[in-house]
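Enquirer: My questions all concern the structure below.
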Amino acid sequence: MKKWKKISLFVCVFAFVRELRPIEPFYAAYMTSPAINITLTQTSRDVYAVGAYSCFGLIIIVFLITDYLKYKPVLIMDGICGIITYCSIVGHPSLLRMQIGQIFYGFFFSSEVAYFGYLYAMTDDKRYYQRITGQARAACLSGKFLSSLFAQLISLVNGSVPYVELVYLSIFGMFFSAVWVFLMPNVTKSVYFHNERSESIDQPNTPPVSNSMSTSVGSNIIKDIESQPSKTKATDKEINKNKSLGQVLSYLKKDFVRSYSDPYVRKLCLWWAFAFGAYVQVYTYINVLYTYVLDLNEDSHFTLYNGAAESLNTLIGAIAAYSIGKLELNWFKVGDLFLGIGSILAGIVLFGCFYTRTMWFIYAFYIIYGCLYQTMLTVAESEVAKRLSRDSYGLVFGFNSFIALFLHTLMTYGIVQGHIISVSTIQQFLIYAVYYTSIGTVFLIFSIKNHFSSAATVSLVECKQ
């Protein structure tokens, strides 16, 4: 087996097993069950909130130590932190014990970028980056889908949700992922701390493309530019592969400035960070909403289908993302319109979650939201990746996640915990709806502005002719 295929297989198994956490769709329901017996308000404000603060506080630290420790130790800690997270809710835990578990969940959530970093560090031929990234994403989504589906099926067979058994299965998934990492090959180099880097960093592979340029013409020009010998060369390589913190920070700064100097990248990253921040909120509190509406309807006989909703959300979202990835469109030209309309539609379905009190409709709206989000994220991610040098992927993706988690933390502090505005769980989704609608409106304005700018440019050219 070729090395890149072997590495991809190892990472795909890890990504798949890491998502085998069947308690997740029923987490809020478990918190309010007799086994734990805390209120929904405590679940939102005292448990989930600690996880949000922990994610935000740890993401930059995890990003740096992942590179310094060469990935594998962080992947092992990822599994261990997952074990501690779910062990903290076994039995009859105190609120403090669950909050400590959420601190470890912050590390677990933040270290997701580590296995993608491992994947790139262990794959020498960059031609395979797109393929192995797609395989790892597919494995991650497959694990999440099967985990949620299994949780739902076992609940239907059992006649009720077997919370304790789902927690133990989640612990087993985390244990297996930690053990699996020991079988993975060791990393000999990383992007920043352990690598031969030049003082002048290579330029991105894809130069800016004007609005009026078609996809085929743009591709030809890109090929011509890439074939020219004037591409920036790596110079002044350092003999010592181990870099000091000062050198690493210097490289990070250069990568950051170069990556975000492209206005197109900045604009897409703006959508990415803001949309992802709200997505984490929706994903975290949708289960709270299910339990809130069920209690509001006082329907104790209703069977929860949280697992089915989550599995369909994942499956349909993956299919939509795969389908949009095969579309050959000039996203530089139509991307703003696509993200604008998609974000407004996401706002509309989230408004539906706020307005309706019927569980089936809420499930349906959540699935549609997931489909819309995954589709838009695929476009944004792929367009950003096209315009970055390979070594900058982790930095840009990590920084976008940092901004997203900052927004997630801000919403948790101001809205969920009520320090800025005090609202109920269902009213949170009205805020999310307005949030996405606002993002969509901004990108529609971008689209209209670009349209008139392109039209003016064409008219000017015609006048000159």
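The values are calculated or read from the model by the stated rules, or taken from the named source; none is laboratory data. These figures come from a predicted structure and were not determined experimentally. Glycine also receives a Cβ, built like all others from the backbone with ideal geometry; neighbour counts cover every protein chain displayed. The accessibility values were calculated without ligands, DNA or RNA, using every heavy atom of the protein model including side chains. Shrake-Rupley method; radii C 1.70, N 1.55, O 1.52, S 1.80 Å.
Enquirer: Binning every alpha carbon pair distance of segment 385-429 at 5 Å from zero, what are the percents per bin?
Expert: Binned Cα distances yield the sequence 6, 20, 18, 14, 11, 10, 8, 9, 5.
Enquirer: Now a separate question. Distance cut-off 31 Å, Cα to Cα: go down the list 144/386; 189/386; 72/254; 5/326; 70/326 and report the pairs above it.
Expert: 70/326
Enquirer: Between residue 176 and residue 156, what is the FRET efficiency for a Förster distance of 30 Å, r being their Cβ-Cβ separation, to the nearest 0.05?
Expert: Computed FRET efficiency for residue 176 and residue 156 comes out at 0.75.
Enquirer: Provide the net charge surrounding residue 178, with neighbours chosen by a C-beta distance below 13 Å and charges set as Lys +1, Arg +1, Asp -1, Glu -1.
Expert: Result for the local shell: +1.
Enquirer: Karplus couplings for segment 144-150 from phi (6.51 cos²θ - 1.76 cosθ + 1.60, θ = phi - 60°), rounded to Hz, Gly and Pro as x?
Expert: Rounded to whole hertz, the list is 5, 4, 5, 5, 5, 5, 4.
Enquirer: Same structure again: Using only Cα atoms, locate the centre of segment 68-137 and the centre of segment 388-408, then give the distance between them in Å, rounded to an integer.
Expert: 16
Enquirer: If I compute solvent accessible area with a 1.4 Å probe over the protein chains, what percent of it on the chain is carbon and sulfur?
Expert: The C+S portion of the solvent-accessible surface of the chain is 66 percent.
Enquirer: What is the list of residues in segment 397-440 whose amide nitrogen lies under 16 Å from a point 7 angstrom out from the Cα of residue 41, following Cα to Cβ?
Expert: 415-428
Enquirer: Quick one: 3J(HN,Hα) in Hz for segment 319-327, Karplus 6.51/-1.76/1.60 with θ = phi - 60°, rounded, Gly and Pro as x.
Expert: 5, 5, 5, 5, 5, 5, x, 8, 6
Enquirer: Let me ask you something else. Averaging over all projection directions, find the projected area of the Cα convex hull of segment 69-186 and quote it in nm² with one decimal place.
Expert: 8.4
Enquirer: Please give the helix 163-183 orientation as an angle from the longest Cα principal axis of the chain, in degrees from 0 to 90, rounded to the nearest 10.
Expert: Roughly 30 degrees, rounded to the nearest 10.
Enquirer: Could you rank 12, 81 by how accessible they are, 1.4 Å probe, largest area first?
Expert: 12, 81
Enquirer: By how many nm would the segment from residue 9 to residue 419 lengthen if fully extended, with 0.36 nm per residue of separation less the alpha-carbon distance?
Expert: 143.0 nm is the gain from fully extending residue 9 to residue 419.
Enquirer: How big is D for segment 310-456, in µm² s⁻¹ as a whole number, if Stokes-Einstein is applied with the Kirkwood radius of its Cα pairs at 4 °C and 1.567 mPa s?
Expert: Estimated via Stokes-Einstein, D reaches 77 µm²/s.
Enquirer: Then there's this: If you line up the long axis of helix 331-355 against the longest principal axis of the chain, both from Cα atoms, how many degrees apart are they, to the nearest 10?
Expert: Here the helix axis deviates by roughly 10 degrees.
Enquirer: While we're on this one: Using +1 at the Cβ of each Lys and Arg and -1 at the Cβ of each Asp and Glu in the chain, identify which of 414, 354, 293 lies farthest towards the dipole's positive end.
Expert: Checking the options against the dipole of the chain, the answer is 414.
Enquirer: Okay, moving on. Quick one: order 386, 72, 189, 449 from most to least accessible surface, probe 1.4 Å.
Expert: Per-residue accessible area, sorted high to low, gives 449, 386, 189, 72.
Enquirer: If you don't mind, there's one more thing I want to ask. Does anyone have the angle between helix 95-110 and the longest principal axis of the chain? Alpha-carbon axes, 0 to 90°, nearest 10?
Expert: That helix lies at roughly 20 degrees to the long axis.
Enquirer: Could you work out how much longer the chain between residue 296 and residue 261 gets when fully extended? Use 0.36 nm per residue separation minus the Cα distance between them, nm to one decimal.
Expert: Extending this stretch completely gives an extra 7.6 nm.
Enquirer: Count charges around residue 307 for me, please; just the other residues with Cβ under 14 Å from its Cβ, Lys/Arg as +1, Asp/Glu as -1.
Expert: -2
Enquirer: Keeping every protein chain present and rolling a 1.4 Å probe, give me the accessible area per residue for the chain in Å².
Expert: 46
Enquirer: Quick check: net charge around residue 113, other residues with Cβ under 11 Å of its Cβ, Lys/Arg +1 and Asp/Glu -1?
Expert: -3
Enquirer: If you don't mind, there's one more thing I want to ask. Calculate the FRET efficiency for residue 168 and residue 1 from the Cβ-Cβ distance with a Förster distance of 35 Å, rounded to the nearest 0.05.
Expert: Calculated transfer efficiency: 0.50.
Enquirer: Assign one of three labels to the chain, namely rounded, prolate or oblate, based on the Cα gyration tensor with a ≥ b ≥ c the square roots of its eigenvalues; rounded applies when a/c is under 1.5, prolate when it is not and a/b is larger than b/c, and oblate otherwise.
Expert: oblate
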